[in-house]
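Quick notes on the structure that follows.
The values are calculated or read from the model by the stated rules, or taken from the named source; none is laboratory data. Quick caveat, the model's predicted, so the values are computed rather than measured. Ideal geometry is used to build each Cβ from the backbone, glycine not excepted, and the neighbour counts take in all protein chains shown. The protein model used for the area step is the full one, side chains on, heavy atoms only, and it has no ligands, DNA or RNA in it. Shrake-Rupley method; radii C 1.70, N 1.55, O 1.52, S 1.80 Å.
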Amino acid sequence: MSSLSKSQKEKGLIVLSIIFLLALAAYSYFTLYAPAKESRLQAEQTLSSERDVLIALQTQLKELPEGEKISTSDLQQKVSVESLTEQIVLQIEQAELISGTLIDNIGITEGLVSLPVPVEGLENLQEVLTTVTIKADDYKEITTFITEVEAMERIMIVEAVDFGSNEEVTSADQVGEPLDVNLTFSAYFRPDLIALADTVPKVDAPAPAGKVNPLPQNDGTALVEEEESEEDADVDVDLEVDIDENAAASDEE
């Protein structure tokens, strides 16, 4: 077998180079360019459909009647940016007054809400967990207290209710003891919304009663009697001063 000439070798290398370039071009087309082109076409179709949906929604939004705008202060009546535990205590006392129950103890703790499934926008939601111990004469007072708590403007969710039954009344002169009831309910707040701190609801706490005896049995009569005795003492002093001045004037004459 005779060896290939130099020109034949060069032609062979050129042919092999052309075949290699064609194979590389075909590989690049089918593995890179064709998928990218198909993805681009799909993206354009998706963008076109999304644009059509957006235009349709904007058209529907323009056709809707204008609703009443809700201010942030109204929203904070339900979920505030602060815990506002004083407001919760005042509302509990209001529920106590309406239901006719008697509050023994109020315990309040604050903490981050742990959701079973993460929800976007609620990562910083915090909870005010309130535990109340009350005394109620009957079941109706318990339900009235719970109804008043749930009817509050602030969102209050009752988590637990625990109470036991009293002994059965067997005679007419037997007086039933009040029921001990433990209630647990939750309120929520968003401390991360610092920009809304200026619209935090104000707590309208009542003025001090000025009672000498702060116990519930005090109806305020002791305070009234004390004020009357102070007024009588002032009158006596004025009378004595007037009598002394008149006596001095008569002596000078």
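Miscellaneous remarks
- Hits in the range 182-197 - residues which are touching an Asp or Glu at 6+ places or on another chain (Cβ under 8 Å) and assigned to a helix (DSSP H, G or I): Ala197
- Filter result (touching an Asp or Glu at 6+ places or on another chain (Cβ under 7 Å) and modelled with pLDDT under 85) within the range 112-137: Val113, Asn124
- Selection status of Thr130, out of contact with any Ser or Thr (no Cβ under 8 Å at 6 or more places or on another chain), within 23 Å of Lys78 (Cα to Cα) and of a type in the set (S, T, N, Q): no
Results for (1) among the hydroxyl-bearing types (Ser, Thr, Tyr); (2) open to solvent by less than 80 Å² (accessible area, probe 1.4 Å), shown as yes or no for each residue.
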{"residue": "Glu10", "(1), (2)": "no, no"}
{"residue": "Phe30", "(1), (2)": "no, no"}
{"residue": "Arg40", "(1), (2)": "no, no"}
{"residue": "Thr46", "(1), (2)": "yes, yes"}
{"residue": "Asp74", "(1), (2)": "no, no"}
{"residue": "Gln87", "(1), (2)": "no, yes"}
{"residue": "Leu90", "(1), (2)": "no, yes"}
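- Index of the failed condition, Lys140 passing every other in (1) over 22 Å from Phe189 (Cα atoms); (2) surrounded by 12 or more Cβ atoms within 10 Å (Cβ to Cβ); (3) at pLDDT 90 or above: (2)
- Subset of the range 138-168 that is polar (S, T, N, Q) and part of a helix (DSSP H, G or I) - its residue that is nearest to the chain's Cα centre (by Cα): Thr147
- For the range 99-120, the criterion of being on the phi < 0 side of the Ramachandran plot, outside any loop (DSSP other than H, G, I, E, B), loosely packed, with under 14 Cβ neighbours inside 10 Å and among the hydrophobic types (A, V, I, L, M, F, W, C) is satisfied by at least one residue.
- Candidate set from the range 121-137 (those that are in a loop (DSSP other than H, G, I, E, B) and of a type outside the set (Asp, Glu)); member that is surrounded by the most Cβ atoms within 10 Å (Cβ to Cβ): Leu125
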